[in-house]
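Notes to accompany the following structure.
The values are calculated or read from the model by the stated rules, or taken from the named source; none is laboratory data. Remember, predicted model here, so these are calculated numbers, not experimental data. Neighbour counts are summed over all protein chains in view; Cβ atoms, including those assigned to glycine, are modelled from backbone coordinates with ideal geometry.
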Amino acid sequence: MHSLLSNIWNAFMITYYKNNATGIAEAATHAESIWISAVNPTDIEKRRLLEEFRIPEAFYNDIEDIDERPRIEFENGWCLIIVRIPFKSDDLKLPYTTAPLGVIFNENVCVSLCFVENELIDDFITYSQRKNINVGDNFALVFRLLLSSSIWFQKYLKQINLGIKYAESNLEKSVRNEDLQALFRMEKCLEYFITSLKGNELLFYRIKNLKTHKDLFDPEMVEDVEIEIKQAQDTTNIYSNILTGMMDAYASVISNNLNVVMKRLTSISLILMIPTLVASLYGMNVPNSLQDNPYGFPIVVCMSLLLSFIGVVMFRKKNLF
């Protein structure tokens with residue numbers, strides 16, 4: 001019966017990983033694994049994580065909160081480390097955003113938990129096999145995940161940049177609301193990235209400076225993580241500043257175009273007032289020099305046209321038309 005339940009549980013999204021000669025690979029059982037990955041767990045998997053592996057339920061609930069910030073916490077022999085990772089969303093209003101990835105571990109169990117489907121875990125495993133990388137301890141795993149997270153931030157930043165360039169090329173042809181909204185969506189994505197990367201940076205320095213472990217960390221790995229986080233932050237800030245300037249520029253262009261249109265409409269209205277004024281003066285029921293002239297109407301029309309032409313020339317010289 002126990003074997004049957006074990007097979008049913010293994011059919012879900014809980015995956016065991018172990019070190020081998022080619023890097024990190026899947027393990028068949030928990031006994032031979034060094035790390036357990038749970039992605040978007042079901043209710044059955046939740047019970048297993050809480051009852052079999054006995055991870056604290058408070059930690060589980062913290063990771064489930066999509067807005068949870070990066071942090072490290074110790075409680076009753078357990079350690080919780082939450083990292084923000086980027087992922088591609090199905091929400092058209094926010095195509096790229098971030099979510100918490102939690103690592104919960106003690107002396108016997110190490111579980112990573114994330115409640116969104118993401119590309120990071122599979123890519124991390126593939127990369128470790130390509131580079132023959134093994135994980136020494138739980139903190140080394142966290143550093144590797146931080147490194148992978150920073151790399152994925154940069155990958156998604158390239159896609160965001162392509163979206164910005166596409167919207168910009170469309171706006172150069174004509175200013176449309178759809179392209180402006182696309183830029184606004186990219187701006188929101190960058191704001192989420194900036195906030196998450198700042199939290200990851202603070203988390204990294206807190207782990208790096210742990211008095212009980214800092215002498216055990218691989219200096220090269222720590223340096224790589226720091227460089228990648230800084231690079232992701234700098235790239236995100238550059239794209240954000242460029243996009244903010246671009247949005248301000250297009251706002252100025254739209255305002256300027258509106259002013260030009262209003263100026264032209266005002267000029268046209270003033271020009272049209274000239275023949276209206278002439279016709280009104282000569283259409284009044286009072287004596288004037290043309291009331292008995294058989295050519296009075298053509299004269300009034302020619303006068304209106306002449307005065308209108310003079311008005312157009314004057315407006316053109318003043319660049320108002």
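Summary table below
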| item | result |
| --- | --- |
| Residue match in region 133-141 (condition: touching a Ser or Thr at 6+ places or on another chain (Cβ under 9 Å), modelled with pLDDT under 90 and more than 25 Å from ASP91 (Cβ to Cβ)) | yes |
| Qualifying residue in region 97-109 (condition: without any contact (Cβ under 8 Å) to a residue 24 or more places away in the chain and among the acidic types (Asp, Glu)) | no |
| Every residue from region 41-72 that is touching an Asp or Glu at 6+ places or on another chain (Cβ under 8 Å) and under 19 Å from VAL142 (Cα atoms) | PRO56, PHE59, ASP62, GLU68 |
| Looking only at region 266-291, and only at residues there that are aliphatic (A, V, I, L, M) and surrounded by fewer than 10 Cβ atoms within 10 Å (Cβ to Cβ), the one that is nearest to ILE310 (Cα to Cα) | MET284 |
| The one condition in (1) modelled with pLDDT under 90; (2) basic (Lys, Arg); (3) closer than 15 Å to GLN154 by Cβ that LYS230 fails to fulfil | (1) |
| Residue match in region 74-87 (condition: surrounded by fewer than 21 Cβ atoms within 10 Å (Cβ to Cβ) and aliphatic (A, V, I, L, M)) | no |
| Qualifying residue in region 29-47 (condition: at pLDDT 90 or above, in contact with a Cys (Cβ under 6 Å, 6 or more places away or on another chain) and β-branched (Val, Ile, Thr)) | yes |
| Matching residues, region 21-36, being surrounded by 14 or more Cβ atoms within 10 Å (Cβ to Cβ) and not hydroxyl-bearing (Ser, Thr, Tyr) | GLY23, ILE24, ALA25, ALA27, HIS30, ILE34, TRP35, ILE36 |
| Residue satisfying condition, being farther than 30 Å from GLU178 by Cβ and either crowded, with 20+ Cβ neighbours inside 10 Å or under 17 Å from the mean Cα position of the chain (by Cα) (or both), within set ILE44, ILE63 | ILE63 |
| Criterion: polar (S, T, N, Q) and farther than 30 Å from VAL142 by Cα - qualifying residue of ASN319, ASN209, ASN237 | ASN319 |
| Test for SER174: is it exposed (fewer than 10 other Cβ atoms within 10 Å of the Cβ), of a type outside the set (Val, Ile, Thr) and not assigned by TED's automatic domain parsing to the domain that holds ASP67 | no |
| Total residues in region 90-117, condition surrounded by 16 or more Cβ atoms within 10 Å (Cβ to Cβ) and outside any strand (DSSP E or B) | 5 |
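A quick yes/no check of all residues on (1) closer than 22 Å to LEU80 by Cα; (2) in a helix (DSSP H, G or I); (3) assigned by TED's automatic domain parsing to the domain that holds TYR205:
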{"residue": "THR126", "(1), (2), (3)": "no, yes, yes"}
{"residue": "GLN129", "(1), (2), (3)": "no, yes, yes"}
{"residue": "VAL135", "(1), (2), (3)": "yes, no, yes"}
{"residue": "PHE139", "(1), (2), (3)": "yes, yes, yes"}
{"residue": "VAL142", "(1), (2), (3)": "yes, yes, yes"}
{"residue": "SER150", "(1), (2), (3)": "yes, yes, yes"}
{"residue": "GLN154", "(1), (2), (3)": "no, yes, yes"}
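Residues checked against (1) buried (at least 16 other Cβ atoms within 10 Å of the Cβ); (2) touching a residue at least 24 places away in the same chain (Cβ under 8 Å); (3) part of a helix (DSSP H, G or I); (4) under 24 Å from the mean Cα position of the chain (by Cα):
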site: ARG185; (1), (2), (3), (4): yes, yes, yes, yes
site: LYS188; (1), (2), (3), (4): no, yes, yes, yes
site: GLY199; (1), (2), (3), (4): yes, yes, yes, yes
site: ILE207; (1), (2), (3), (4): yes, yes, yes, no
site: LYS211; (1), (2), (3), (4): no, no, no, no
site: THR244; (1), (2), (3), (4): no, yes, yes, yes
site: SER255; (1), (2), (3), (4): no, no, yes, no
